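These notes are about the structure you will find just below.
The values are calculated or read from the model by the stated rules, or taken from the named source; none is laboratory data. Keep in mind that this is a model prediction, so the values were computed, not measured. Here the Cβ is made from the backbone with ideal geometry for all residues, glycine too, and neighbour counts use every protein chain on show.
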Amino acid sequence: MSTTFTLDTSTSRANPTPAPMKRLTVPAIQRRKVEGRTNEPLVMLTAYTARQAQLLDPHCDMLLVGDSLGQVIYGLPSTLPVTLDMMIAHGAAVVRGSYHSVVLVDMPFGSYEASPAHAFTSASRVMAETGCAAVKLEGGQAMAETISFLSRRGIPVMAHVGLTPQAVNALGGYGARGKSQEEHARIMDDAKAVANAGAFAVVLEGVMEDLAIEITDMLDIPVIGIGASAHCDGQVLVSEDMLGMFERTPRFVKVYENIAGTISGAAERYAAEVRNRSFPTQDQVYRPKK
Ligand code: KIV
C-alpha cells in the first residue's frame, strides 16, 4: 500500500498514513456475485469499537456492528436487551475507525418488527447518526414487506435467516436449523422472500450444509454464511470468537488466536511487577531534565 503523510501539529511530525482509499459500496458488494457465482468470496467480521475497526478494516469487505455486542461487550445474556442507542454509539465508532469496508449496523430487537414505518424511523436514525452504509435485520417472509419498504426508500438491507438469535425464545435455543424437511422448506422460502423483497445480501446462520448450498445456488444476491458452508458467497464470524476471547465458542467458529491468554498473561505480569515494585522503571517516570 502506498503512503502519504499528514502533519501532526502537536509534535510537528509527519506521520505516514495509508493512501486515501475509496470505501467499498453496497452495489460493489452485490456485483461480486455474477451469474450466481462469487469468484472472490466476501469477507465480513464484526467490529464494535474504532480501534478494532482500524485493525480489521484493511482485511475485510464488510464490517458488521452486530447486536452480538450485547453478549460480547456488555455481558448480557442474549441480544434481546440491546438498544438502538447502543447500536448507534458503536456504529458511529466503527465508521470513524474504518475507511475501506462497507459498515453495516444491526437493527436491535424491538426497533423494526412492529411495522415498516417503525423500521424506517429506527433505520433512518441508524444511517444518519452513524454514517453506516446499510442495516441488517433478522427474519424471512415476515420481514419481506419491511425490507421492501426500506430498500425502496434508500436504505440498503442485509437480511438474516436460518438461526436468528433475536428469536431464541421462539426457536428454543441456538441449535442448527433446517434439519427437518419442513424447516428446510421454510428457510428456503425465507431466503427467497428476502431476496425478492430487495435485500442486497443475506446472512445465513447455523443451518445444515446442504441447505446452505441450495440457497447460495438459488439466490442472485450474495449469501454470507456463518455456520453454513464454504460454498456460500462469503463468510462472517464474531471477531472475538475467532480471536479466542472466550473459552466456549459455537462449533462453526475457527479460533485463529488466543487473545484471552495474551490479555490475562499481560495482566498477571503487570500485577506481579506492581506488587514487587519493579514497575514503573526509570523509563516510565518523569524527572527534571539535567
Ligand atoms: O450480531 C451478530 O454479530 C451477527 C452475526 C453473527 C452475523 O448477526
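Scanning the range 21-37 for residues that are among the small types (Gly, Ala, Ser) and at pLDDT 95 or above returns a single hit, Ala28.
Which of the residues that make up the range 240-258 are within 13 Å of the ligand (Cβ to nearest atom) and out of contact with any Phe, Trp or Tyr (no Cβ under 8 Å at 6 or more places or on another chain)?
Here is the first cut: in the range 240-258, the ones within 13 Å of the ligand (Cβ to nearest atom) are 240-242, 249-250, 252-253.
If the condition is that a residue be within 13 Å of the ligand (Cβ to nearest atom) and out of contact with any Phe, Trp or Tyr (no Cβ under 8 Å at 6 or more places or on another chain), then Asp241, Thr249, Phe252, Val253 are the ones that fit.
As a summary of the residue check, Ile213 satisfies the conditions (1) modelled with pLDDT of 95 or more; (2) surrounded by fewer than 16 Cβ atoms within 10 Å (Cβ to Cβ) except for the one numbered (2).
Scanning the range 134-150 for residues that are buried (at least 22 other Cβ atoms within 10 Å of the Cβ) and either under 17 Å from Met44 (Cα atoms) or in contact with a Ser or Thr (Cβ under 7 Å, 6 or more places away or on another chain) (or both) gives Ala134, Val135, Lys136, Leu137, Glu138.
The residue list Val202, Val194, Val255 contains one member that is in contact with a helix residue (DSSP H, G or I) (Cβ under 9 Å, 6 or more places away or on another chain) and either assigned to a strand (DSSP E or B) or acidic (Asp, Glu) (or both), which is Val202.
For the range 133-166, a residue qualifies if it is within 12 Å of the ligand (Cβ to nearest atom), over 15 Å from Ala119 (Cβ atoms) and part of a helix (DSSP H, G or I), and exactly one does: Pro165. All of Asp217, Asp210, Asp241 fail the test of being of a type in the set (Asp, Glu), within 20 Å of the chain's Cα centre (by Cα) and not in a loop (DSSP other than H, G, I, E, B), apart from Asp241.
Close contacts from the range 216-245, counting a first residue that is in contact (Cβ under 8 Å) with a residue 24 or more places away in the chain and farther than 12 Å from Val203 by Cβ and a second that is away from the ligand (no atom under 15 Å from the Cβ) and among the hydroxyl-bearing types (Ser, Thr, Tyr), with Cβ to Cβ under 6 Å and a gap of 6+ residues or different chains, come to Met242/Tyr256. Screening the range 24-102 for helices (runs of 4 or more DSSP H) wholly inside it with 1 or more residues that are within 16 Å of the ligand (Cβ to nearest atom) and surrounded by fewer than 20 Cβ atoms within 10 Å (Cβ to Cβ) returns the ranges 69-72, 84-96. Applying the selection to the range 103-132, what residues are away from the ligand (no atom under 16 Å from the Cβ), part of a loop (DSSP other than H, G, I, E, B) and within 16 Å of the chain's Cα centre (by Cα)? Gly131, the sole residue that qualifies.
Out of the residues in the range 31-86 that are free of Cβ contacts under 8 Å to residues at least 40 places away in the same chain and among the aliphatic types (A, V, I, L, M), state the one that is nearest to Arg125 (Cα to Cα).
Met86
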